[in-house]
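Novice: I'd like to ask some things about the structure below.
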Amino acid sequence: MKQVTIHTEYVTLGQLLKITDCISTGGAAKPFLAETKVTVNGESENRRGRKLYRGDRVDIQGFGAFEIV
């Protein structure tokens, strides 16, 4: 599992996708989430604005697992 360090209270799922190089631009988040299975703490998620906090685990199909720290 890869760790993603944030320096704010939270990061959105769309921002995480950019940080982890799953997408190259923020505009690509919505179509990416429509086509790719993403789970946050074991629950399916497709909202790019979903807030992720320290301790959250995000699994992105084809890219791996990420933990917010």
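Novice: Which ones in the stretch 55-69 are surrounded by 13 or more Cβ atoms within 10 Å (Cβ to Cβ) and touching a strand residue (DSSP E or B) at 6+ places or on another chain (Cβ under 8 Å)?
Specialist: First, the residues of the stretch 55-69 that are surrounded by 13 or more Cβ atoms within 10 Å (Cβ to Cβ): 56-60, 63, 66-68.
Scanning the stretch 55-69 gives Asp56, Arg57, Val58, Asp59, Ile60, Phe66, Glu67, Ile68.
Novice: Evaluate the following for Gly62: is it part of a helix (DSSP H, G or I) and either at pLDDT 95 or above or more than 9 Å from the chain's Cα centre (by Cα) (or both)? Outline the logic, then answer.
Specialist: Working: part of a helix (DSSP H, G or I): no; either at pLDDT 95 or above or more than 9 Å from the chain's Cα centre (by Cα) (or both): yes.
Criteria not met by Gly62.
Novice: Please enumerate the residues belonging to the stretch 23-56 that are under 9 Å from the mean Cα position of the chain (by Cα) and within 16 Å of Gln3 (Cβ to Cβ).
Specialist: Of everything in the stretch 23-56, those that are under 9 Å from the mean Cα position of the chain (by Cα) and within 16 Å of Gln3 (Cβ to Cβ) turn out to be Val40, Leu52.
Novice: If you take the residues in the stretch 15-40 that are in a loop (DSSP other than H, G, I, E, B) and loosely packed, with under 12 Cβ neighbours inside 10 Å, which one is modelled with the lowest pLDDT?
Specialist: First, pick out the residues of the stretch 15-40 that are in a loop (DSSP other than H, G, I, E, B): 20-25, 36-37.
Now drop any that are not loosely packed, with under 12 Cβ neighbours inside 10 Å, which leaves 21, 24-25.
On the way: Asp21: 94, Ser24: 94, Thr25: 91.
Result: Thr25.
The values are calculated or read from the model by the stated rules, or taken from the named source; none is laboratory data. Remember, predicted model here, so these are calculated numbers, not experimental data. Glycine also receives a Cβ, built like all others from the backbone with ideal geometry; neighbour counts cover every protein chain displayed.
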